[in-house]
Amino acid sequence: MDVGNALREIREARLYRVLYGTFEVYCQERWAMRQQNADRLIRAAAVVEVVNPMGLTNVNERQARELTPLLDQPEKLQRAWEEASDDGAPTSHDGGFGRFTCHTHEPTETSRDS
């Protein structure tokens, strides 16, 4: 998550402008990374701050990425993490987050019609 936090700081403070015109160009030329990948790392770091503000639990980028749709709903994000963690640390490959993430979203028009 250190990378995501560093990229967020660089983007928010516009530190990339010293040598690069845009954050996108900075990511491409400095790190050979698409801006979308940098944004994904930044969002994952934000999730970790919500679910693990004191740094007591190891949360990896892949686990955090599964919860990024809930970033604008911190209480639901925290609840999804807690439910997925009830029987130990969740792993993203076991579907643990997907089932909780989808249940914490409000139903959409299409999901109500199903």
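The values are calculated or read from the model by the stated rules, or taken from the named source; none is laboratory data. The structure presented is a predicted model; accordingly, all values stated were derived computationally and were not measured. So basically every Cβ, Gly included, is an ideal-geometry build from the backbone, and we count neighbours across all protein chains shown.
Figures for the structure shown
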{"item": "Residue selected from the range 23-54 under the condition at pLDDT 90 or above and among the charged types (D, E, K, R), by the criterion farthest from TRP81 (Cα to Cα)", "result": "GLU29"}
{"item": "Those residues of the range 17-43 which are under 17 Å from LEU71 (Cα atoms) and among the hydrophobic types (A, V, I, L, M, F, W, C), in sequence order", "result": "ALA38, LEU41, ILE42"}
{"item": "Subset tally (residues that are in a helix (DSSP H, G or I) and either without any contact (Cβ under 8 Å) to a residue 12 or more places away in the chain or in contact with a strand residue (DSSP E or B) (Cβ under 8 Å, 6 or more places away or on another chain) (or both)) for the range 31-55", "result": "5"}
{"item": "Unmet requirement for THR57, which otherwise passes all of (1) among the hydroxyl-bearing types (Ser, Thr, Tyr); (2) under 21 Å from GLU12 (Cβ atoms); (3) modelled with pLDDT under 85", "result": "(2)"}
{"item": "The range 1-22 - residue that is surrounded by 15 or more Cβ atoms within 10 Å (Cβ to Cβ) and either hydroxyl-bearing (Ser, Thr, Tyr) or over 22 Å from the mean Cα position of the chain (by Cα) (or both) and, of those, farthest from ALA46 (Cα to Cα)", "result": "TYR20"}
{"item": "Criterion violated by HIS103 - all others in (1) modelled with pLDDT under 85; (2) in a loop (DSSP other than H, G, I, E, B) satisfied", "result": "(2)"}
{"item": "Members of the range 11-22 found to be farther than 29 Å from ALA80 by Cβ and assigned to a helix (DSSP H, G or I), listed by number", "result": "LEU15, TYR16, ARG17, VAL18"}
